[in-house]
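Structure first, then comments.
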Amino acid sequence: MQTFPIFQLRNVAWTLSTNFHRNSALLQTSIHKHRNDYFTSRKMDSRPSNRRNLCIAALTQHETQTLAKKEERLLNRIYEGLVEGHRACLAEAITLIESTHMRKRQIAQVLLQKVLSHHREKEHLNNGKPLAFRIGLSGPPGAGKSTFIEYIGKMLTEQGHKVAVLAVDPSSSTTGGSLLGDKTRMQELSRDMNAYIRPSPTRGTLGGVTRTTNEAILLCESGGYNIVLVETVGVGQSEFAVADMVDMFVLMLPPAGGDELQGIKRGIVEMADLVVITKADGDLLIPARKIQAEYVSALKLLRKRSKIWKPQVVRISAKTGEGIPELWKKITDFQSTMLESAELLSKRRAQQKVWMWNVIQENVLLHFRNHPAVKDKLPLLEGQVLTGVLSPSLAADILLKAFFESS
């Protein structure tokens, strides 16, 4: 066995100890340096808005880089024309977001991200206040919604407002088509340069609004329209999705439309911030007064949505214009009251979350339908459900199991 002199062992130990301490010092210096750099960067970017803006800018830059030159030129042309207030570019932007083509939907998302950044900057310059007021209008067919919109739209444009009307028309479950006749009924307003009317089909969307109504509202506001009216179809338990995307929900009812309160579901009345009795003129004046009194009594028994606003019932006539200026006064009172209490801003933030989950549900269902494992089993299982061999719930369980096992 080989042995080493004691002085050699001491030299080796001293060398190892020296190197260890030197390396430890270097390691500690490196750790302190990286820790200081880390906390310095966190301190410089500690505000949530800065971090969010950096993430959004990086995302937008990444998405833009994936576009072809032709697509990028198209995107820039639409965006620049939109923020400058060109109606043709607004129409083109809404057509783009309504497209079901996968590539066009990707371009639309890049456009929406740029519009959101521009929208946020303008709101910041406006002391954080919303740039526009969103009003949802719903009611049974024949309630006079289009006549009312044309009258109040002309009144508002004469006062200097810019009015956008998003009229949602039901699509046929048989042919898939829509009449889109709202613009035809609003002939005078459609010729007004300070108004923009956009009829859109529901394409079978439950709730009486399209999947892109939220995006269309945002585009209209970025185009300089400070009043956005969303007209929806029908009234029922599933027809108040519009209440989750507007600042104020107005329910319009014609007089003599059935046996008093039985003509309307309770759920839709609870969602209303304002109930408007239309066609209060001529022979319908007395029935209009009667139904107004009935709804005033009924609203006292229903749960209120807002802590500071009490829903009201007004009576108007779009034919003579009676009551419409007073109605607009109540709408502006609602707007100022909700802004002062900050309830309007919190309501919009909650609507953003609802909007996100609606998009998630739609895209998850689309992905599920187009999944190869589901598409292979779907025709057979649908046939077995139609013939009664399988229950719908069991067929759904089989499809879900196939989807999860192959994902």
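List pairs: first in segment 279-305 and hydroxyl-bearing (Ser, Thr, Tyr), second open to solvent by 60 Å² or more (accessible area, probe 1.4 Å) and not in a loop (DSSP other than H, G, I, E, B), Cβ under 7 Å, 6+ apart or cross-chain?
Every condition considered, no pair remains.
Kindly provide the set of residues from segment 301-360 that are of a type in the set (S, T, N, Q), in contact with an Asp or Glu (Cβ under 7 Å, 6 or more places away or on another chain) and not in a helix (DSSP H, G or I), ordered by number.
Hits for segment 301-360 are 306, 317, 320.
Between a first residue in segment 215-233 that is on the phi > 0 side of the Ramachandran plot and a second residue that is of a type in the set (Lys, Arg) and open to solvent by less than 10 Å² (accessible area, probe 1.4 Å), which pairs have beta carbons less than 7 Å apart while being 6 or more apart in sequence or on different chains?
none
Residue by residue through segment 302-324, note down the ones that are over 14 Å from residue 272 (Cβ atoms) and either of a type in the set (A, V, I, L, M) or exposed (fewer than 12 other Cβ atoms within 10 Å of the Cβ) (or both).
Of everything in segment 302-324, those that are over 14 Å from residue 272 (Cβ atoms) and either of a type in the set (A, V, I, L, M) or exposed (fewer than 12 other Cβ atoms within 10 Å of the Cβ) (or both) turn out to be 307, 308, 316, 318, 324.
Working only within segment 374-400, note down all residues that are small (Gly, Ala, Ser), on the phi < 0 side of the Ramachandran plot and either over 32 Å from the mean Cα position of the chain (by Cα) or open to solvent by 70 Å² or more (accessible area, probe 1.4 Å) (or both).
Across segment 374-400, the qualifying residues are 383, 391, 393, 395.
Filtering segment 362-407 down to residues that are part of a helix (DSSP H, G or I) and of a type in the set (Val, Ile, Thr), which residue is nearest to residue 213 (Cα to Cα)?
364
Can you tell me how many residues within segment 143-163 are open to solvent by 50 Å² or more (accessible area, probe 1.4 Å) and within 17 Å of residue 232 (Cβ to Cβ)?
Count: 1.
How about segment 83-126: which of its residues are in a loop (DSSP other than H, G, I, E, B), closer than 19 Å to residue 70 by Cβ and acidic (Asp, Glu)?
Residues satisfying the conditions do not exist here.
Residue 131 is checked against (1) in a helix (DSSP H, G or I); (2) touching a residue at least 24 places away in the same chain (Cβ under 8 Å); (3) not basic (Lys, Arg) and fails just one. What number does that condition carry?
(1)
Every residue in segment 305-321 that is of a type outside the set (A, V, I, L, M, F, W, C), in contact with a Lys or Arg (Cβ under 9 Å, 6 or more places away or on another chain) and more than 13 Å from residue 334 (Cβ to Cβ), please.
315, 317, 319 - these are the residues of segment 305-321 that are of a type outside the set (A, V, I, L, M, F, W, C), in contact with a Lys or Arg (Cβ under 9 Å, 6 or more places away or on another chain) and more than 13 Å from residue 334 (Cβ to Cβ).
The values are calculated or read from the model by the stated rules, or taken from the named source; none is laboratory data. Here the structure is a predicted model, which is why all the values come from computation and not from measurement. Glycine gets a Cβ as well: all are built from the backbone with ideal geometry, and neighbour counts include every protein chain shown. Protein only, heavy atoms only, side chains kept; ligands, DNA and RNA dropped before computing areas. Shrake-Rupley method; radii C 1.70, N 1.55, O 1.52, S 1.80 Å.
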